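Asks: Got a structure for you, written out below as structure tokens; questions coming shortly.
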Amino acid sequence: MTLTSTAFQSTGRPIGPPMLCRTLDVVPEDERYLSSEKLDGWRALAAIVAGGVALRSREGHPVTAVPYINDALRALAPAGTILDGELVDRARPRQLRRTKSILVSPEPHVWTSEDPPITYAVFDLLFLAGRDLREEPLHERLELLAALFDSDTARVLTTLPAGAPLLLHVEHRPSSRVFAEEVLGRGEEGVMLKLRDSLYVHGSRTAGWWRYKPQETLDAECTGVARANGRTSGSISSLTFRLAGGACGQVSSGLSESERAHITAHPDLYVGRVIELANHGVEASGALRHPVYRGVRDPRDKAPAPRPRETPRRAPDEAALASPAAGGKRKQRNYGAMGDRKLRASIDSLRAEAGEAYERCLERGSGDPAGDLRAAVKAAEDRGLSV
């Protein structure tokens, strides 16, 4: 067996996928919640054992492209320690594309001052020196995690090299709207909200973790259609758009299969029209962060200057807090019954955490994109597809 497959074995409960979260549209001012920055990166569990260190993605795949992170973790924690965190690019804020390109490369990343290292941002502690902490409340796990980072070795790893530490301790504090606004003002993706007494439940979205990622909506002019991989024929994959301020972009998330088919057949009904885009804010360059297609407006409408659009706000579900099982049973899609093309598209969407399959999973499906991705990949492998 490889180190990755053996490092995550334990004598107790199996070590499954990371704990997941649901979405809230408001930040609770409530002492039951702890809050932290939500970083825009690649989720990963890290296991430190006597034979070395292993990193594993949310889907269970080994992450081998950043050996310097393994070295840093070996220096930080004793054998028998398992951490939960996010691999992020802190030298070049919000560069998720660069993070992914480094992590999927078959060659190890060798960082330089011009090509800085990826950072492993740690926000939870599952095992410490062989002790299983998953049944301990979150606030106790966080105290042990803070103590782990309170050493001379940790201070070096979290401060050097300048601008791009190898490790980052993600600190938690009482939930407040002031903190959320401060985090968003720095350009971070959002905030995480967690019940301070929550236990660590692998793969669960209902055990006490939420994310707050406020969305605005604004209008843009659809300037064209784009097809995958530069093709000149076939179904469209995205729409191109121009904002009132002149910035241009491209959107694929939010487009359903039926909408793609209709746009492919009738592009003239979209190009030149005013479309509505949800987003997570406007960059300094004028570009949108994470645009999501919401539909076409009346062609007589004039696109206004970008401004927030009022939307209904969801508050924490008190029944769900009292009973993690609340909310009813949700059903996973039948990926085995899909055609090859649709199955590949679904896998791409679930891996990217954006697009039709991912949104459908969250809104009308199982609510567990990681579980759906495993099922879809298995369906593809069973019929010999390369994914």
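Asks: Out of the stretch 135-160, which residues are closer than 17 Å to Asn70 by Cβ, open to solvent by less than 50 Å² (accessible area, probe 1.4 Å) and of a type outside the set (A, V, I, L, M, F, W, C)?
Replies: Residue satisfying the conditions is Thr158 alone.
Asks: Hey, another quick one. Please enumerate the residues belonging to the stretch 350-360 that are modelled with pLDDT of 80 or more and either over 14 Å from the mean Cα position of the chain (by Cα) or small (Gly, Ala, Ser) (or both).
Replies: Correct list: Ala357 only.
Asks: Being of a type in the set (D, E, K, R), surrounded by fewer than 20 Cβ atoms within 10 Å (Cβ to Cβ) and touching a helix residue (DSSP H, G or I) at 6+ places or on another chain (Cβ under 7 Å) narrows it down to one residue among Arg74, Arg92, Arg131, Arg97; which is it?
Replies: Arg92
Asks: Now for a different question. From Val178, Val201, Val191, grab the single residue that is closer than 19 Å to Leu45 by Cα and of a type outside the set (S, T, N, Q).
Replies: Only one candidate passes the filter, namely Val201.
Asks: Moving on. Only one residue in Leu125, Leu142 is in a strand (DSSP E or B), under 27 Å from Tyr212 (Cβ atoms), under 25 Å from the mean Cα position of the chain (by Cα) and not charged (D, E, K, R), so which one is that?
Replies: That would be Leu125, the only listed residue that is in a strand (DSSP E or B), under 27 Å from Tyr212 (Cβ atoms), under 25 Å from the mean Cα position of the chain (by Cα) and not charged (D, E, K, R).
Asks: Quick check on the stretch 284-294. Is at least one of its residues surrounded by fewer than 14 Cβ atoms within 10 Å (Cβ to Cβ), at pLDDT below 80 and under 30 Å from Ser175 (Cβ atoms)?
Replies: yes
Asks: Can you name the number of the only condition in (1) within 19 Å of the chain's Cα centre (by Cα); (2) open to solvent by 70 Å² or more (accessible area, probe 1.4 Å); (3) of a type in the set (Val, Ile, Thr) that Val178 fails?
Replies: Going through (1) within 19 Å of the chain's Cα centre (by Cα); (2) open to solvent by 70 Å² or more (accessible area, probe 1.4 Å); (3) of a type in the set (Val, Ile, Thr) one by one, Val178 breaks only (1).
Asks: When residues of the stretch 318-339 are filtered for being surrounded by 12 or more Cβ atoms within 10 Å (Cβ to Cβ) and at pLDDT 85 or above, how many remain?
Replies: 5
Asks: Step by step: first the residues of the stretch 250-282, then only those that are under 27 Å from Gly190 (Cα atoms) and open to solvent by 50 Å² or more (accessible area, probe 1.4 Å), then the one that is modelled with the lowest pLDDT. Which residue is that?
Replies: Val282
Asks: Only one of (1) in contact with a Leu (Cβ under 7 Å, 6 or more places away or on another chain); (2) among the hydroxyl-bearing types (Ser, Thr, Tyr); (3) free of Cβ contacts under 8 Å to residues at least 12 places away in the same chain fails for Ser349. Which number is that?
Replies: (1)
Asks: Could you check Ile236 against (1) surrounded by 15 or more Cβ atoms within 10 Å (Cβ to Cβ); (2) modelled with pLDDT of 85 or more; (3) farther than 21 Å from Ser346 by Cα and say which number it fails?
Replies: (3)
Asks: Could you check how many residues of the stretch 24-45 are in contact with an Asp or Glu (Cβ under 7 Å, 6 or more places away or on another chain) and closer than 19 Å to Ser198 by Cα?
Replies: Selection size over the stretch 24-45: 4.
Asks: Specify the residue that is farthest from Glu182 (Cα to Cα); the eligible residues are those in the stretch 17-27 that are modelled with pLDDT under 90 and out of contact with any Phe, Trp or Tyr (no Cβ under 6 Å at 6 or more places or on another chain).
Replies: Across the stretch 17-27, the extreme among qualifying residues is Thr23.
Asks: Now for a different question. For residues in the stretch 46-71 being open to solvent by 50 Å² or more (accessible area, probe 1.4 Å) and touching a helix residue (DSSP H, G or I) at 6+ places or on another chain (Cβ under 9 Å), which is nearest to Asp152 (Cα to Cα)?
Replies: Checking each candidate, the answer is Gly51.
Asks: So, in the stretch 80-117, exactly how many residues are small (Gly, Ala, Ser) and either under 29 Å from Gly51 (Cβ atoms) or under 16 Å from the mean Cα position of the chain (by Cα) (or both)?
Replies: Qualifying residue count, the stretch 80-117: 4.
Asks: Just to be sure I understand, how many residues within the stretch 253-300 are part of a helix (DSSP H, G or I), over 18 Å from Ala357 (Cα atoms), in contact (Cβ under 8 Å) with a residue 24 or more places away in the chain and not aliphatic (A, V, I, L, M)?
Replies: Residues flagged as part of a helix (DSSP H, G or I), over 18 Å from Ala357 (Cα atoms), in contact (Cβ under 8 Å) with a residue 24 or more places away in the chain and not aliphatic (A, V, I, L, M) within the stretch 253-300 amount to 2.
Asks: Going residue by residue through the stretch 26-40, is there one that turns out to be outside any loop (DSSP other than H, G, I, E, B), open to solvent by less than 20 Å² (accessible area, probe 1.4 Å) and of a type in the set (A, V, I, L, M)?
Replies: No, the conditions are met nowhere in the stretch 26-40.
Asks: Looking at the stretch 107-129, I want the residues that are closer than 17 Å to Asp71 by Cβ and have a partner that is of a type in the set (Phe, Trp, Tyr) with Cβ atoms under 7 Å, at least 6 apart or on another chain. Which pairs are those?
Replies: Trp111/Tyr68; Pro117/Tyr68; Pro117/Trp111
The values are calculated or read from the model by the stated rules, or taken from the named source; none is laboratory data. Note that the coordinates shown come from a computational prediction; the quantities given were computed from them, not determined experimentally. In this analysis, Cβ positions are derived from the backbone assuming ideal geometry, glycine residues included, and neighbour counts consider all displayed protein chains. Heads up: the accessible areas ignore ligands, DNA and RNA and are worked out on the full protein's heavy atoms, side chains in. Shrake-Rupley method; radii C 1.70, N 1.55, O 1.52, S 1.80 Å.
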